[in-house]
1. Any residue in region 316-326 that is in a helix (DSSP H, G or I) and either touching a Pro at 6+ places or on another chain (Cβ under 6 Å) or among the aliphatic types (A, V, I, L, M) (or both)?
2. Does Ala285 fit the bill of being buried (at least 16 other Cβ atoms within 10 Å of the Cβ), at pLDDT 95 or above, out of contact with any helix residue (DSSP H, G or I) (no Cβ under 6 Å at 6 or more places or on another chain) and within 17 Å of Leu54 (Cα to Cα)?
3. For region 313-345, enumerate the residues that are farther than 13 Å from Ala277 by Cβ and crowded, with 19+ Cβ neighbours inside 10 Å.
4. From the residues in region 199-228 that are in contact (Cβ under 8 Å) with a residue 60 or more places away in the chain and polar (S, T, N, Q), which one is surrounded by the most Cβ atoms within 10 Å (Cβ to Cβ)?
5. Select from region 229-249 the residues that are in contact (Cβ under 8 Å) with a residue 40 or more places away in the chain and part of a loop (DSSP other than H, G, I, E, B) and write down the one among them that is farthest from Leu193 (Cα to Cα).
6. Which condition number in (1) surrounded by 20 or more Cβ atoms within 10 Å (Cβ to Cβ); (2) touching a residue at least 60 places away in the same chain (Cβ under 8 Å) is the one that Ala104 fails?
7. Restrict the check to region 250-271 and report whether at least one residue is at pLDDT 95 or above, in contact with a Ser or Thr (Cβ under 7 Å, 6 or more places away or on another chain), surrounded by fewer than 23 Cβ atoms within 10 Å (Cβ to Cβ) and on the phi > 0 side of the Ramachandran plot.
8. Is region 146-153 home to any residue that is at pLDDT below 95, more than 16 Å from the chain's Cα centre (by Cα) and not in a strand (DSSP E or B)?
Amino acid sequence: MTLRILVVGAGIAGLAAARGLRVAGFRPDVVEALPASVIPGAGIHLPGNASRALRLLGLDVPLRPLGDLIFRQVFLDTRGRQLFEMDAAALWSGVGESRVLSRADLQQVLLTGVGGEVRFETEVRDVQIIDGAAKVEFSTGGIAEYDLVVAADGRRSTIRDKVGLGGPATPTGQIVYRSVVSGGPPLTDWTALLGRRSSFTAMPMGGRRIYCYADETAPDSPSPDDPVERMRELFGAFGGPVPAILDKIEKVQVARTDEVVLPTWSNGPVVLVGDAAHATAPTLAQGAAMSFEDGYVLGQELKHATDGIPAALRAYEDRRRPRCSEVRERTRERDRTRDVPPALRDPMLRRRGAQIFTDHYRALVSAV
């Protein structure tokens, strides 16, 4: 089946969708509003199911030399005393490796998988659905018609709004901080310290670099003007590796997180993937994994479609929605557990933490 397909967005979800479509035999156009010179910063944690999805997309081999593998996840209290640990290698055994790497390196791997040119600095100005096709107007002045438009333009998707699939994302009340530190303390395990409505996670990403992800639940507070100073204020009294890491932090990315929950992910020839369809807080590190899985499943459903594009898009959503909903619910559960007062939470986690937190991933061990 020859289809004219447009993928809007060349971030993780868009490039995963483009790759999934190519694996299925299609040749999509890919556009991105940002210039090619914009390189994603910070790092990213890919759990085992993300690695499995990359294997299905044929991108696991170029990933192998990159970053650092995670075999164990260690949870500590604010003083650095162990609460519990998770055997990540055992959890994802037979599924895939858990890996931490730079987002820029992951972006390059995904770009090589597109197999065609990405048109950067090209924004979609308008989408109109006419006689079952999508008429697309670009910021460059061009107009083209497509059989399918894949909207991978993130949690604040403009395509979602243009085709009537939902309004703005819903804030979760979390503020997240991301940083990459060079020359910090030696670190071999993914290590999280749980505070009062806050957490600080550090993980090795190769080359003596540490990827730091921290968050706080602060629904009524503005995003800080100086995120480095705010991190030192929030986590300055923490123990474990945190003091040595804070000493090395120079640059911090700060963002508020959102959720996207929609009644449907497609309208005629337009479909949403990744955060545009089902964003959650990044607590379980499943954003990229869900996008990789989306891309693969979308390509396969279109490849085997016999009743037209709308039916294939419904089949894609039927396969993906329960899994993405599971991630959202387990993310909320993890965040609620984190926000229990430490005097109650920490004793409970010492007794049952490994079971509780491992169970958050159980459903994701199964294949997509």
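The values are calculated or read from the model by the stated rules, or taken from the named source; none is laboratory data. Just so it is clear, the structure is predicted and the values come from calculations on it, not from any experiment. In this analysis, Cβ positions are derived from the backbone assuming ideal geometry, glycine residues included, and neighbour counts consider all displayed protein chains.
1. No, region 316-326 has no match at all.
2. On the way: buried (at least 16 other Cβ atoms within 10 Å of the Cβ): yes; at pLDDT 95 or above: yes; out of contact with any helix residue (DSSP H, G or I) (no Cβ under 6 Å at 6 or more places or on another chain): yes; within 17 Å of Leu54 (Cα to Cα): yes.
Yes: the conditions hold for Ala285.
3. Those that are farther than 13 Å from Ala277 by Cβ and crowded, with 19+ Cβ neighbours inside 10 Å: Arg330, Thr331, Asp335, Arg338.
4. By that ranking, first place goes to Ser199.
5. Ile249
6. (1) is the only condition that Ala104 fails.
7. No, because not a single residue in region 250-271 is at pLDDT 95 or above, in contact with a Ser or Thr (Cβ under 7 Å, 6 or more places away or on another chain), surrounded by fewer than 23 Cβ atoms within 10 Å (Cβ to Cβ) and on the phi > 0 side of the Ramachandran plot.
8. Checked against the condition, which is being at pLDDT below 95, more than 16 Å from the chain's Cα centre (by Cα) and not in a strand (DSSP E or B), region 146-153 yields no hits at all.
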